[in-house]
Every structure is written in structure tokens, then in C-alpha cells.
């Protein structure tokens, strides 16, 4: 039970010591695919991505279709078909990809999931959560695919 309320915690709140993930599996796979595609000058096939990233083929297809539908990737059909970036890595942001697979970013939704929280005006936690959310979203919006690739390259240089 949640202290002060007569209901059980919703299932999406992890109260067993587990980690609530900021980035879902779909977003993670999508980012890996985008980064791989951006390092290639040629059209990248689904099979190549599956082999390189170790993601099940049907799962990867769905992710690539979503990225194509939302105009992050360009899809080429037929023999020699596959995927390329629609924009340069500098113009594709982490938050764009997160929103495709996770919806609108936010931390301050009331866990009661009501449209208007009856406690909104006097909630002690709300103001703190709003500040944390604004800071987190600002940081996430600053990350683009190019910065991820640069971090990856710099990580390789440090490890060699």
C-alpha cells in the first residue's frame, strides 16, 4: 500500500528495488541501429543490422519501420534495399528517438494517473520533480547521434 492512500501501487512503479529505465529496449535497439547506419555510406540491410547488433530480425524490422515512418530513416525497397539516415547525425536527437518509442518525455505525471490531480496545488514533491524533469530533458535534448558517435570513437581511443 502507498502511505496515506487506500490503494495498491500501480504496476509501473518498481517498488521491489529494481531499476526504472529511462530508455526502453526499443529505444536502445533503435539508437544502436541508427549509430550503425550512420557509420556506413551505403544502404544497410536488415540482415546486416541483425548480424552486427544481435537483435532478432522481426524485432529489428519493426523498429526500422517505425524509424522510417517517423522520417528518421529512409527506406529503400527491392534488391539492394535497406536503410539510410534521412538527416545527418548532427540533426537526429536522442529525444526524437525516445519519443518515437516511449511517447512524450516526462517525469512529473501523477502516479494516480488522473487528468487533474486533486493535490496539485499543495503537493510537496511536484515542484522538485518539475525541476528535475526540466534539467533532465534539457540534457537529453542536447544529445544527438553525432555526439554519441564521437563518444564511441573517443572511448575506443582511450581503451587502445
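Since every read-out is calculated from the coordinates, none of them should be taken as a lab result. The structure presented is a predicted model; accordingly, all values stated were derived computationally and were not measured. FYI the Cβ positions are ideal-geometry reconstructions off the backbone, even for glycines, and counts take in every protein chain you see.
In table form, for the structure just shown:
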| quantity | calculated |
| --- | --- |
| Protection proxy ranking, peptides 122-131, 41-50, average beta carbon neighbours within 10 Å, highest first | 41-50, 122-131 |
| Förster-model FRET efficiency, 45 Å R0, residue 77 and residue 135, C-beta, rounded to 0.05 | 0.60 |
| Sequence of 29, 36, 93 once ranked by neighbouring C-beta atoms within 10 Å, starting from the fewest | 36, 93, 29 |
